[in-house]
Amino acid sequence: MTLRKFAGLGALLSIVMPGIAMAADEVAAPVLNSGDTAWMLTSTALVLFMTIPGLALFYGGMVRSKNILSVLMQCFAITGLISILWVIYGYSIAFDTTGMEQGVVNFNSFFGGMGKAFLAGVTPSSITGPAALFPEAVFITFQMTFAIITPALIVGAFAERMKFSAMLIFMGIWFTLVYAPIAHMVWSGNGGLMWDWGVLDFAGGTVVHINAGIAGLVACLVLGKRKGFPTTPMAPHNLGYTLMGAAMLWVGWFGFNAGSAAAANGTAGMAMLVTQIATAAAALGWMFAEWVTHGKPSALGIASGVVAGLVAITPAAGTVGPMGALVIGLAAGVVCFFCATTLKRKLGYDDSLDAFGVHGIGGILGAILTGVFAAPTLGGFGTVTDIGAQVWIQIKGVGFTVIYTAIVTFIILKVLDAVMGLRVTEEEESVGLDLAQHNERGYNL
């Protein structure tokens, strides 16, 4: 009788269990969220819009008329180059987690595996995100736009004097050895070096802005000053372009910051709000600092202030509250103004379009202040309970990025200079890079 009961129970289980297992599979299976997907598609387009045409116009208006096409060309060429390198191996280096283990420092803490090279395994049905809610293809493209704009930012530091061929090779190598590994260390998850440290970088203060700003400073020092700098006037040739570019960057940055929530949720909404607050505060901070110092506010100044605020709020956008954003923005506007004017003049380096003064300094300031204003006691929405400890973590992240980026960038540039030369000739610089490098003119009158 007992055996019959067990046999009956076994028969019942054989019928019921597959149904239970199927139900569990249905619950566990990731379901694409159309709202999150729509927002991430929109954010991706906005971030690409930041580089072309936003950054291209912002930088293009600040150079002399004989060099406008060279800057636009560099931004477009970088967009194409990095897109392809991202697909071939960049995405894999940045986000493949093979070999990573939380609390264990190994090679894969610095450099991702190659399991996603050539986007292996990525199909229309591949889903990713914080809760696996939108297509992996969208995430790949979204992160690609970050990888595109970072080297494009460096262009502002060496504008008007670098050979186009050298620029292309430098950007390809720099992306491989600097950008992708730093992105992996900060964003890849458990086992990533700076991820395990607890560095807060919501949308790229470390990965994008400090990275690009330090690389730009090293590049302008290695290449040397433009012919005639600083005695020859080198005024921007079209500030209208620069203001339009700044406006495009401001709009596009909502995709940059709010899109980094990777969902259409409250975090994205707050990121959008604090981005607007910090940017407005920085624009006014720069404008009034310039007004007091130089007697008049300038269009170039307010445009630069806008970008400084956008840069500084980037690492903090997902964790700080409105009043924290206000303080970060004001600080960025004033500090970046003095670094891009007084500091640059005193030290004498030729950072042509203030890539370091705005992105490097703004990124460092924003990264450190994130550790302060992410604390709920100061109106933040992070999990920071010990402000001093978090600020120290942020400083460690900044310090590591500065040292790593500076050393590797310097080595790449010196090797390329020895092999092929980095700089155009004095005659080509006098004629302008538009004609010398591309056989075209920006203006044919």
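The values are calculated or read from the model by the stated rules, or taken from the named source; none is laboratory data. All figures in this text were calculated on a predicted structure; none of them were measured in a lab. Cβ sites come from the backbone with ideal geometry, for glycine too, and all protein chains shown count toward neighbours. For the accessible areas, the whole protein counts, side chains as well, though only heavy atoms, and no ligand, DNA or RNA atoms are used. Shrake-Rupley method; radii C 1.70, N 1.55, O 1.52, S 1.80 Å.
Annotations for the structure displayed:
- Count of the range 132-164 residues, restricted to those that are of a type in the set (Gly, Ala, Ser), touching a residue at least 24 places away in the same chain (Cβ under 8 Å) and closer than 22 Å to TYR89 by Cα, is 2.
Here is a yes/no grid of residues against (1) aliphatic (A, V, I, L, M); (2) under 30 Å from SER65 (Cα atoms); (3) in contact with a Pro (Cβ under 8 Å, 6 or more places away or on another chain):
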{"site": "MET248", "(1), (2), (3)": "yes, yes, yes"}
{"site": "TRP253", "(1), (2), (3)": "no, yes, no"}
{"site": "ALA268", "(1), (2), (3)": "yes, no, no"}
{"site": "ALA289", "(1), (2), (3)": "yes, yes, no"}
{"site": "LEU330", "(1), (2), (3)": "yes, no, no"}
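- Unique residue being open to solvent by 70 Å² or more (accessible area, probe 1.4 Å), more than 20 Å from MET171 (Cβ to Cβ), part of a helix (DSSP H, G or I) and among the hydrophobic types (A, V, I, L, M, F, W, C) when the list is ILE403, ILE407: ILE403
- Annotation: of all residues in the range 99-112 being open to solvent by less than 40 Å² (accessible area, probe 1.4 Å) and part of a loop (DSSP other than H, G, I, E, B), the one that is farthest from VAL207 (Cα to Cα) is MET100.
- Residue count for the range 42-71, restricted to those that are closer than 13 Å to VAL251 by Cα, out of contact with any Ser or Thr (no Cβ under 6 Å at 6 or more places or on another chain), among the aliphatic types (A, V, I, L, M) and open to solvent by less than 10 Å² (accessible area, probe 1.4 Å): 2
- Selection from the range 72-98 of residues that are among the β-branched types (Val, Ile, Thr), assigned to a helix (DSSP H, G or I), more than 13 Å from LEU48 (Cα to Cα) and open to solvent by 10 Å² or more (accessible area, probe 1.4 Å): ILE84, VAL87, ILE88
- Filtered residue count, the range 89-104, keeping only those that are modelled with pLDDT under 95 and either in contact with a Leu (Cβ under 8 Å, 6 or more places away or on another chain) or of a type in the set (Phe, Trp, Tyr) (or both): 0
One line per residue, one yes/no per condition, for (1) of a type in the set (A, V, I, L, M, F, W, C); (2) in a helix (DSSP H, G or I); (3) within 28 Å of ILE393 (Cα to Cα):
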{"position": "VAL122", "(1), (2), (3)": "yes, no, no"}
{"position": "ILE140", "(1), (2), (3)": "yes, yes, no"}
{"position": "MET144", "(1), (2), (3)": "yes, yes, yes"}
{"position": "ALA157", "(1), (2), (3)": "yes, yes, no"}
{"position": "GLU160", "(1), (2), (3)": "no, no, no"}
{"position": "LEU168", "(1), (2), (3)": "yes, yes, no"}
{"position": "PRO181", "(1), (2), (3)": "no, yes, yes"}
{"position": "GLY189", "(1), (2), (3)": "no, no, yes"}
{"position": "THR206", "(1), (2), (3)": "no, yes, yes"}
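- For the range 180-213, a tally of residues being of a type in the set (A, V, I, L, M, F, W, C), touching a Ser or Thr at 6+ places or on another chain (Cβ under 9 Å) and open to solvent by 10 Å² or more (accessible area, probe 1.4 Å) returns 5.
- Members of the range 67-83 that are closer than 20 Å to VAL208 by Cβ and not hydroxyl-bearing (Ser, Thr, Tyr): VAL71, GLN74, CYS75, PHE76, ALA77, ILE78, GLY80, LEU81, ILE82
- Pairs with Cβ under 7 Å, 6+ apart, first in the range 28-47 and without any contact (Cβ under 8 Å) to a residue 60 or more places away in the chain and among the aliphatic types (A, V, I, L, M), second assigned to a helix (DSSP H, G or I) and surrounded by 15 or more Cβ atoms within 10 Å (Cβ to Cβ): none
- Failed item in (1) assigned to a helix (DSSP H, G or I); (2) among the aliphatic types (A, V, I, L, M); (3) modelled with pLDDT under 95, with ILE148 passing the rest: (3)
- Residues that are open to solvent by 10 Å² or more (accessible area, probe 1.4 Å) and aliphatic (A, V, I, L, M) were ranked within the range 240-261; the one that is nearest to THR275 (Cα to Cα) is VAL251.
- Condition met for GLY421 (outside any helix (DSSP H, G or I) and either open to solvent by 30 Å² or more (accessible area, probe 1.4 Å) or at pLDDT 95 or above (or both)): yes
- Pair list, Cβ < 8 Å and 6+ apart or interchain, from the range 270-290 residues that are free of Cβ contacts under 8 Å to residues at least 40 places away in the same chain to residues that are charged (D, E, K, R): none
- GLY348 meets the conditions (1) out of contact with any Phe, Trp or Tyr (no Cβ under 7 Å at 6 or more places or on another chain); (2) within 13 Å of ALA316 (Cα to Cα); (3) open to solvent by less than 30 Å² (accessible area, probe 1.4 Å) in every case but one. The failed one is (2).
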